[in-house]
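Chemist: Could you have a look at this structure, given as C-alpha cells, before my questions?
What follows is calculated from the coordinates using simple rules that are stated; it is not laboratory data. Because the structure is predicted, anything quoted here is derived from the model rather than measured. Cβ placement follows ideal geometry from the backbone for every residue including glycine, while neighbour counts extend to all protein chains displayed.
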Amino acid sequence: MNRFMRWLGIAVVVFIAAPLVIVVPMSFSEARSLQFPPPGYWLGYYRAYFTDVSWLVPTWNSILIASATTVLTMALVVPATFALVRHRFRGKSIADLMMLMPLAVPHIVMAVGYYSYFGDLGIVHTHLGVILAHTCLSVPIAFLVLSANLKGFDRTLERAAQSLGASPTRTFIHVTLPILRPGLVISALFAFIQSFDETVVAIFISGRGAETLPRKMFDSIRQEADPVIAVISTLLFAAVLIGLTAPLLLSRWRGRRARIGTG
Amino acid sequence: MALSIASLSARKNMWPWLLLAPLAIYMAVFFLVPLADVAVMSVTEPRPTLANYERVLTTALYQRVFVNTFATAAIVTICCLIVGYPLAYLMANSKPRTAMLILLLVTMSFWTSFLVRTYAWMVLLGNNGPLIWLLRAIGMEQPPQLLFTRFSSTLAMVHILAPYMVMNIYSVMKKIDPTLIRSAESLGARGLSLFRHVYLPLTAPGIANGSVLVFVICLGFYVTPVLLGSPREQMIAGLIGNQIDEFLAFGMGSAMAMVLLFVTLVILTIYHRRFGLDKLWG
C-alpha cells in the first residue's frame, strides 16, 4: 500500500508540475503559434510584450485596479474584523455569513449582476466599476486571513500595556498594530492577488475602457493564442516562485546570520 | 449610577456596529443589490413572467447543459480525489525536506493564475504539442484530437482544482496521531484493512471538505471550459456568458444564473448545517 501510494504520488507530482514548467521554454520559442519542441529560441516575444501598448495598458490597469482594491478592502475589513472577532452582539452570525457570501456565489452570477447594475449606474467599462466589484470579491479572503490572525492574538499583551499606563489608542498603535503587521500584510497581499487574477467579472465589466490583464489574456487566448501569453505566463509564474521562496530563503539566511552572530 | 452604567453598556454595544457599518453598507450596495438585480431580471426581462425559468428548465438543449455540468463537476471531483489523496499522503508522510518541496509545488500551482494554467494545458495538448509529439514518437500514426474536447477541459480543471483538495486532505492528515496507526498495527491491522478501517475514516473530514469545495467551484467554472472545452458540450457558466455577451438575453442569462446560484447554495447550506461554512476555506 505504502509503495503504491508513493508511486502514485510521484506520478501526481509530475502531473502538477508539467503545466507550470512548460510555459517557460515556450516563452523563449521562435514559433508563431503553439509548437513543441520549439524550433529555435530568442527573446523576441519578451521585447514584444514590453513594447506593445496593447499589452502594457492592461498590465497597468490591473496593477492600478488591484492596488485600489487592496486599499479599499483593507479600509473596510480591518475595523469589521475587530468587531466580529472581539465583540459579541446580536446579528453577529448573520454578519459573519455576509462576510463569506461572495465566496459562495459563482463569479459568473456576479458578472451578470454587475454588468446590468453598473450599466444603470453608468460605471460599466470604467476603473471605478472594476474596483468596486473586485473589492466585494476580495473582502472574504482578506477577512479569513485577518480573523485567523486576530483570533490567535494574545490579549494579555494589550492589558499589560494598559496596566503600565498606556491609553487605548497608544496601546493600539504601539502594541496591537505591530503584532498584527504580518497578518495585515498577508491579508492585503491576498486581496491584491485576488483582484489581479480575477478574470470572469473583469471579462464582462472591464470593457475597452479598463481592460485588465486577465481579460486581455482571455481574449487573446480565445482568438489567436498570441505567443506573448507564454511570456506573461512565465513572468507571472516567476513572480509566484519569488513570492513563495523569498520569505523562506530570507528567514533561513537571517537564521544563519543570527547563529553566526551568537556563536 | 444605574443609568450611567446602562448608557455605558449601551455605548459599548454601539462599538461593534460602528466598526462593522462601513463594510455592511458597502456589501449591501455593491454585493446584495447586484445579486438582487439578477433575481429581478430573471422574472422581468423582457416581460414580467416566469417564462424564462420555464424555458430554462424545459428546453432539451439547456437540460443537456445542466446534466453535462453536473457530470463534469462529479468527474472532476473524483479525479481530484484520486490525484489529491496520494499527494497529500506523500506530503504528510515524507521526510521534512521532500514534504516541503511538494508543499511548495502545490502552493505554487495554487497561486498561479487560472488563465496561465489553462494556457499551459493548451500548449501541452495542442496539435503541435509535446503529448501529440510523444504519441507520434511511440508510433501512433494518427493521434486523436486532444484540445477543445471534453477531455482537455476536464483534465485542466482537475489540475487547477487539485490544490484545493490536496490542502484540505493534507491539513487533516497532518493532525492524525501516529500512535493511532501504530496501535491499529499492533492489533493486527495491515495494508488495505488498516487503510480502510483506520486511515480512511480519520481523513474523511478532509475528503468531504475538499470534495464540496471542488464540486461547487467546478459547477460555476467559466474560463477553462470556455477556452479548452468543446463548443458543443458547454457548461452552464459558459451558457450564461453566451446569453449575455452574444444574445444580450439578460432575462434568460439571469434565470440560468439563479438556477446555478440556487444549486450552489443548496449544497453549501447542507454543508454548513453539518460542518460550518467557515471551515471550508479556512
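Chemist: Over chain B, with a Gaussian network built from C-alpha contacts below 10 Å, which listed residue (B:L228, B:L18, B:L248) shows the highest mean-square fluctuation?
Modeler: B:L18
Chemist: Using r as the Cβ-Cβ distance of A:L64 and A:L164, and R0 as 51 Å, what FRET efficiency do you calculate, to the nearest 0.05?
Modeler: Once the sixth-power term is evaluated, E becomes 0.70.
Chemist: Still on this model: Tell me, what is the percent relative contact order of chain A, built from C-alpha pairs under 8 Å that lie six or more residues apart?
Modeler: Reported relative contact order: 31 percent.
Chemist: A:K151 versus A:L248, label points 7 Å from Cα toward the beta carbon: distance in nm?
Modeler: Result: 2.7 nm between the two label points.
Chemist: Quote to one decimal, in nm, the extra length available between B:L50 and B:I75 on full extension: 0.36 nm per residue of separation minus the C-alpha distance between them.
Modeler: Taking B:L50 through B:I75 to full extension adds about 5.7 nm, to one decimal.
Chemist: Only Cα pairs under 8 Å and at least 6 apart count here; give the relative contact order of chain B as a rounded whole percent.
Modeler: Answer for chain B is 28 percent.
Chemist: Okay, next question. Over the alpha carbons of the protein assembly as shown, what is the largest minus smallest coordinate on each principal axis, giving the biggest first in Å?
Modeler: Sorted from largest, the Cα extents of the protein assembly as shown read 92, 71, 54 Å.
Chemist: With unit charges on the beta carbons (Lys and Arg positive, Asp and Glu negative) and the dipole taken about the Cα centre of region A:56-227, which residue among A:I63, A:L103, A:P182 sits farthest to the positive side?
Modeler: Highest projection toward the positive end goes to A:P182.
Chemist: Same structure, new question: Give me the aspartates and glutamates in straight-line cross-link reach of A:K151: C-alpha distance below 16 Å, same-chain residues under 8 apart excluded.
Modeler: A:D96, B:D278
Chemist: Comparing A:R32, A:R208, A:R90, which has the greatest mean-square fluctuation in the GNM of chain A with Cα pairs linked when under 10 Å apart?
Modeler: A:R90
Chemist: In addition: If each residue of separation counts as 0.36 nm, what is the full-extension length gain between A:A18 and A:H174 once their alpha-carbon separation is subtracted?
Modeler: Full extension from A:A18 to A:H174 adds 51.4 nm.
Chemist: Once you put a point 7 Å from the Cα of B:R136 and another 7 Å from the Cα of B:S171, both along the Cβ direction, what distance in nm separates them?
Modeler: 4.6 nm
Chemist: Also, quick follow-up: Just the projected area, averaged over all directions, of the convex hull on the alpha carbon atoms of region B:60-281: how many nm²?
Modeler: For the Cα atoms of region B:60-281, the hull's average projected area reads 16.0 nm².
Chemist: Only four residue types carry charge here, +1 at the Cβ of Lys and Arg and -1 at the Cβ of Asp and Glu. Report the dipole size of region B:60-281 about the Cα centre in Debye, rounded to the nearest 20.
Modeler: With Lys and Arg at +1 and Asp and Glu at -1, about 660 debye.
Chemist: Which residue, A:M110, A:M74, A:M217, tops the fluctuation ranking in a GNM of chain A built on C-alpha contacts under 10 Å?
Modeler: A:M110
Chemist: Cα centroid distance between region B:63-142 and region A:1-67, in Å?
Modeler: About 15 Å separates the Cα centre of region B:63-142 from the one of region A:1-67.
Chemist: Going 7 Å from the Cα of A:L121 in the Cα-to-Cβ direction, what parts of region B:30-69 have a backbone nitrogen less than 14 Å from that spot?
Modeler: Answer for region B:30-69: B:30-38.
Chemist: While we're looking at this one, here's another question. Compute the separation of the alpha-carbon centres of region B:258-273 and region B:152-193 and state it in Å as a whole number.
Modeler: 26 Å
Chemist: In nm, give the distance between the simple-model label positions of A:F89 and A:I10, each being 7 Å from the Cα along the Cα-to-Cβ direction.
Modeler: 5.8 nm
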